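Written below as structure tokens is the structure these notes are about.
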Amino acid sequence: WGWAVAGAALVTAYALRQGEGTLTAGYLWLLVAVVLGGMGYAEGARASRTLGGWRTICWALTISAPVVALPVGWMAAQQPHWPSSDVVAACAYLAFGSMFLGFFAWYRGLAAGGIARVGQVQLLQPFLTVVAAALLFGETVEATTFVFAAAVIAVIAGGRRAIVRTPT
């Protein structure tokens with residue numbers, strides 16, 4: 001878990017640097033999302049050991065749907081216009097393709113490889129997003145982004161090689 005904390009600290013330092021070191025309410029909400037998401041991943045990985053990846057995500061969606069439906073419906077009703085078909089299709093792809101189906105493999109990997117080791121792969125997500133923006137949209141990438149990404153890769157490698165003690 002020490003490697004995971006080090007990686008999270010690097011990603012946090014990178015985010016603060018990109019935000020010019022100022023903390024806003026958005027960072028607090030992001031922290032809440034990360035903590036709750038991490039708890040969800042950990043519990044999902046534990047559940048997937050007995051249920052399997054696909055059952056875990058299906059049950060998680062079934063349980064959370066009533067909780068999420070009301071605020072989503074309320075927010076949708078506040079919008080003056082219905083989104084275009086392209087937007088609806090993109091959201092459908094993200095919901096079903098990359099998220100729903102992706103979680104099958106993700107939870108299987110978490111269950112097989114361990115939460116502390118496999119979960120660290122997500123630390124690369126902000127950096128992969130920046131690289132994708134550069135490749136797809138011509139965004140400029142600062143050299144420090146690559147330095148932070150290399151440091152995160154080193155932390156992930158250290159975490160992969162760490163001895164993990166499991167309770168007997």
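Data for the structure
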read-out: Cα gyration tensor, segment 2-161 - rounded (a/c under 1.5), prolate or oblate; value: oblate
read-out: Positive dipole terminus of the chain, leading residue within Q122, T50, V72 (C-beta point charges); value: T50
read-out: Relative contact order for the chain, counting Cα pairs under 8 Å that sit 6 or more residues apart, in percent; value: 41
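A short reminder: the numbers here are calculations on the coordinates, not readings from a lab. Note that the structure is predicted; figures quoted are calculated from it, not measured. Cβ atoms come from the backbone with ideal geometry, glycine included; neighbour counts cover every protein chain shown.
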